[in-house]
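Notes for the one structure printed next.
The values are calculated or read from the model by the stated rules, or taken from the named source; none is laboratory data. From a predicted model like this one, the values you see are computed outputs, not experimental measurements. No Cβ is skipped: glycine too gets one built from the backbone with ideal geometry, and neighbour counts run over all protein chains shown. Only protein heavy atoms, including side chains, enter the accessible area calculation; ligands, DNA and RNA are left aside. Shrake-Rupley method; radii C 1.70, N 1.55, O 1.52, S 1.80 Å.
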Amino acid sequence: MKFLLHPSLQAISRRLPRSRRVNLVFRLSALILLLSVLEAFYHSQVSLSIPRPAEHHNLDEPFSIGCQDVSKLVTRPRESAVLVMLARNSELKEARKTVENVEERFNKWFNYPVLFLNNEPWSEEFVRGMKEVVSGEVRFEVIPEGIWGPTAGLTEEVVGEYLRKQKEEGVYKGEIEGYHHMCRFYSGEFYNLDALKEYKYYWRLEPGVSYGCSLTYDPFVMMADRGKKYGYTVALWEEPNTCPSLFRTVDEFRTQNNIPMHPNWKAMIDEETNWLLKPAPIRWLLGKVLRREHYDIKGEKWNLCHYWSNFEIADLDFFRGEQYQKLFRHLDKTGGFYRERWGDAPIHSLAVHLLLGAEEMHHFSDVGYYHEPFWQCPQNAKGKQLLDNEMIGKAPKGMGEEQEGGHGCRCECGLGKKGDWRRRNNRGICLEKLQRPAAYVRPSWWDLRRRRWPYSVGFDEEGRYVM
């Protein structure tokens, strides 16, 4: 033990009786343990705490409560925006179903252009089939060569070896080369397409998704009016084996660029682990020495929460801006899109929580959205369904009952499973965590203990607006 002590302490220990030396070592050990416990408590409860918004109110609220009179809104100037769908020729049936749904629920009133992207030439059948259902301008673009493909410098042999390894390890879609291409494309190259240069906002569509509520206002106008840059619906956990080093790589970018640990970034850090197990020496061991998966170099662990990017309404200027593109290049040069199976969803999520403030993000809680197998669907606002409005038209046969505190417009839930009228079929743990920086009014410790997660900021677990 004496070899672990400072020379001055060794000299003192030699002059002390054995019993007193043992007592001194015990006291020093107890002091170190106490300091470690206090440091772990302070780090967990103070350093990583997310304060309530200084504005003393929630930073994100619904854009609309119930239906709006569309006839009064369609005369307002449109934003420079586009609906975008990446699809294959073989997905005509699914793509057409989605676009018909979006047209019926939104675009027949606002007539925004729709852009279809493909990495292969479009078939005449697909072009003809989609032109039949789009109310406004429709364009069909082929992604230029060199954009759809692996990171520069990765050979086919190297990529092939990565894919074989991921297949052996059971990584979700890790063996599908085209899926890696898609994730990399949507993470960075997508935003620099010439076809998007004239637009400021985009709404990402996916073949086969369904929208269960009518959107009787212009979401792009509202994004601009409220200063929002990223809009989302569903938040989930990421598959852990798809991106073991992603969080560390993003946090390296954060430290290299002197970006502080602001509240929106702290929302990405796991606070579930007992703080007693996270003193500084253990964090140092996990992050610096062992380099554990999903840990940054300082030993903070990612909670794996992310937004499902198959629905996004976002500001293109943010994603093609200098900071985001610099982050994308930082990630791309590591080869992680192929060495691992980094998805565009966690990359977008980590990026917006790193580079945006909570007030710049919006949960489209009034959008009924289904992408197999998950959905969200709000309550219909009582007395605000405008059932006699000629422009909106007749209510759907399966429209849910109107509820006090509801905020949806003519919502028809049960999209994923007929007769299942839950507000969502995914637990709200991640959504509560990621929205915490925007929430002034938060669920109590007891509510969280009982797994009563709010539907969104300002709502209870049943989807009733309480603010």
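Could you list, in sequence order, all residues of segment 210-250 that are out of contact with any strand residue (DSSP E or B) (no Cβ under 6 Å at 6 or more places or on another chain), open to solvent by 20 Å² or more (accessible area, probe 1.4 Å), part of a loop (DSSP other than H, G, I, E, B) and not acidic (Asp, Glu)?
Gly227, Pro244, Ser245
Please verify whether Tyr202 is part of a strand (DSSP E or B), over 26 Å from Ile297 (Cβ atoms), touching a residue at least 12 places away in the same chain (Cβ under 8 Å) and among the hydroxyl-bearing types (Ser, Thr, Tyr), treating the condition exactly as stated. Can you show your working first?
Numbers: part of a strand (DSSP E or B): yes; over 26 Å from Ile297 (Cβ atoms): yes; touching a residue at least 12 places away in the same chain (Cβ under 8 Å): yes; among the hydroxyl-bearing types (Ser, Thr, Tyr): yes.
For Tyr202, the condition - part of a strand (DSSP E or B), over 26 Å from Ile297 (Cβ atoms), touching a residue at least 12 places away in the same chain (Cβ under 8 Å) and among the hydroxyl-bearing types (Ser, Thr, Tyr) - is met.
Restricting to segment 138-157, name every residue that is farther than 20 Å from Tyr338 by Cα and assigned to a helix (DSSP H, G or I).
The answer is none; no residue qualifies.
Confirm whether Trp421 is assigned to a helix (DSSP H, G or I) and at pLDDT below 90. Break it down stepwise before answering.
Numbers: assigned to a helix (DSSP H, G or I): no; at pLDDT below 90: yes.
Answer is no for this residue.
Quick grid of which residues meet (1) in contact with a strand residue (DSSP E or B) (Cβ under 9 Å, 6 or more places away or on another chain); (2) surrounded by fewer than 17 Cβ atoms within 10 Å (Cβ to Cβ); (3) within 20 Å of Leu92 (Cα to Cα):
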{"residue": "Leu115", "(1), (2), (3)": "yes, no, yes"}
{"residue": "Glu124", "(1), (2), (3)": "no, yes, yes"}
{"residue": "Arg128", "(1), (2), (3)": "no, yes, yes"}
{"residue": "Val138", "(1), (2), (3)": "yes, no, yes"}
{"residue": "Glu141", "(1), (2), (3)": "yes, yes, yes"}
{"residue": "Thr151", "(1), (2), (3)": "no, no, no"}
{"residue": "Glu156", "(1), (2), (3)": "no, yes, no"}
{"residue": "Glu175", "(1), (2), (3)": "no, no, no"}
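Quickly run through segment 331-352 and pick out the residues that are among the aromatic types (Phe, Trp, Tyr) and in contact with a Cys (Cβ under 7 Å, 6 or more places away or on another chain). Steps first, please.
Start the filter on segment 331-352 by keeping residues that are among the aromatic types (Phe, Trp, Tyr), which leaves 337-338, 342.
Of everything in segment 331-352, those that are among the aromatic types (Phe, Trp, Tyr) and in contact with a Cys (Cβ under 7 Å, 6 or more places away or on another chain) turn out to be Phe337, Trp342.
Just give me the residues in segment 59-100 being crowded, with 20+ Cβ neighbours inside 10 Å and of a type outside the set (A, V, I, L, M, F, W, C), in sequence order.
Scanning segment 59-100 gives Asp60, Pro62, Gly66, Gln68, Thr98.
Working only within segment 318-367, note down all residues that are touching a Pro at 6+ places or on another chain (Cβ under 7 Å) and either modelled with pLDDT under 95 or more than 25 Å from Asn425 (Cβ to Cβ) (or both).
Tyr338, Glu340, Ala358
Could you tell me whether Leu285 is more than 20 Å from the chain's Cα centre (by Cα) and touching a residue at least 12 places away in the same chain (Cβ under 8 Å)?
Answer is yes for this residue.
Can you tell me which residues in segment 378-392 are open to solvent by 20 Å² or more (accessible area, probe 1.4 Å) and within 13 Å of Asp69 (Cβ to Cβ)?
Passing the criteria: Lys384, Leu386, Leu387, Asp388, Asn389, Glu390, Met391.
Just the residues that are farther than 24 Å from Gly170 by Cα and charged (D, E, K, R), please, taken from segment 332-382.
Lys333, Glu359, Glu360, Asp366, Lys382
Based on this model, can you work out whether Val99 counts as assigned to a helix (DSSP H, G or I), among the β-branched types (Val, Ile, Thr) and either modelled with pLDDT of 80 or more or at negative phi (or both)?
So Val99 fits the description; yes.
Pick out the one residue from Tyr179, Tyr186 that is surrounded by fewer than 17 Cβ atoms within 10 Å (Cβ to Cβ) and either among the β-branched types (Val, Ile, Thr) or more than 23 Å from Tyr455 (Cα to Cα) (or both).
Values: Tyr186 fails: surrounded by fewer than 17 Cβ atoms within 10 Å (Cβ to Cβ).
Testing whether each residue is surrounded by fewer than 17 Cβ atoms within 10 Å (Cβ to Cβ) and either among the β-branched types (Val, Ile, Thr) or more than 23 Å from Tyr455 (Cα to Cα) (or both) leaves just Tyr179.
Before we move on, is Gly146 under 28 Å from the mean Cα position of the chain (by Cα) and exposed (fewer than 12 other Cβ atoms within 10 Å of the Cβ)?
For Gly146, the condition - under 28 Å from the mean Cα position of the chain (by Cα) and exposed (fewer than 12 other Cβ atoms within 10 Å of the Cβ) - is met.
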